[in-house]
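Comments concern the structure below.
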Amino acid sequence: MFVSGSALAPDGRSFICLKSTAMVHGTRVSTIVPALAAGTCVTTPRHHVQWVVTEHGAVDLSLLDDTQRPHALVELAHTDFRDELRGSA
C-alpha cells in the first residue's frame, strides 16, 4: 500500500531502496536477480514499481517497457554481478 499510495499522492513518487548485495550463509550475493524462486511472495506488483535505488544509482522503471526494465536494473547491480545478469537479461 505504501508504494501505490505514494505514487497516487499529488506529485508523489514511490521509491524502493535496497543494497545491491547481501550476505547469505557467508557468501555475497546480488539482490538484483534475473528471476524470483518459485513460490516467492510478491507484495509489490511490477506496475506499481516506480523508482528503484541502490548505491549504484536510481532508475524510474515506470518510464520503461518490459524489454528495457531488466537492462536498467542490471545497471543498479553491484559491478561484480553485472556481466552474469546481462547474460540473463
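The values are calculated or read from the model by the stated rules, or taken from the named source; none is laboratory data. Here the structure is a predicted model, which is why all the values come from computation and not from measurement. Cβ: placed from backbone, ideal geometry, glycine included. Neighbour counts: every protein chain shown.
Being in contact with a Leu (Cβ under 9 Å, 6 or more places away or on another chain), surrounded by 11 or more Cβ atoms within 10 Å (Cβ to Cβ) and either at pLDDT 95 or above or not in a strand (DSSP E or B) (or both): is that true of residue 42 here?
Here the answer is no, as residue 42 does not meet what is asked.
Does at least one position in segment 4-18 carry a residue that is of a type in the set (Lys, Arg) and at pLDDT 95 or above? Write out each step before concluding.
Initial filter on segment 4-18 (of a type in the set (Lys, Arg)): 13.
Narrowing further to those that are at pLDDT 95 or above: none.
The answer is no; no qualifying residue exists.
Right, residue 59: within 17 Å of residue 85 (Cβ to Cβ), touching a helix residue (DSSP H, G or I) at 6+ places or on another chain (Cβ under 7 Å), part of a strand (DSSP E or B) and not charged (D, E, K, R) or not? Explain how you work it out, then say what you get.
Values: within 17 Å of residue 85 (Cβ to Cβ): yes; touching a helix residue (DSSP H, G or I) at 6+ places or on another chain (Cβ under 7 Å): yes; part of a strand (DSSP E or B): yes; not charged (D, E, K, R): yes.
Yes; evaluated as a whole, the condition is true for this residue.
Consider residue 71 carefully, then state whether it is in a helix (DSSP H, G or I), loosely packed, with under 14 Cβ neighbours inside 10 Å and in contact (Cβ under 8 Å) with a residue 12 or more places away in the chain.
yes
For segment 55-84, how many residues are of a type in the set (Ser, Thr, Tyr) and within 9 Å of the chain's Cα centre (by Cα)?
Final tally of qualifying residues: 0.
Check 46, 28 and return the single one that is over 19 Å from residue 70 (Cα atoms) and charged (D, E, K, R).
It is 28.
Are any residues in segment 41-59 without any contact (Cβ under 8 Å) to a residue 40 or more places away in the chain and of a type in the set (Val, Ile, Thr), and if so, which ones?
If the condition is that a residue be without any contact (Cβ under 8 Å) to a residue 40 or more places away in the chain and of a type in the set (Val, Ile, Thr), then 42, 43, 52, 53, 54, 59 are the ones that fit.
Go through segment 19-37 and give me each residue that's at pLDDT 95 or above, of a type in the set (A, V, I, L, M, F, W, C) and loosely packed, with under 11 Cβ neighbours inside 10 Å.
Correct list: 23, 24.
Restricting the search to segment 29-59, which residues are under 26 Å from residue 9 (Cα atoms) and in contact with a strand residue (DSSP E or B) (Cβ under 8 Å, 6 or more places away or on another chain)?
44, 49, 50, 51, 52, 53, 54, 58, 59
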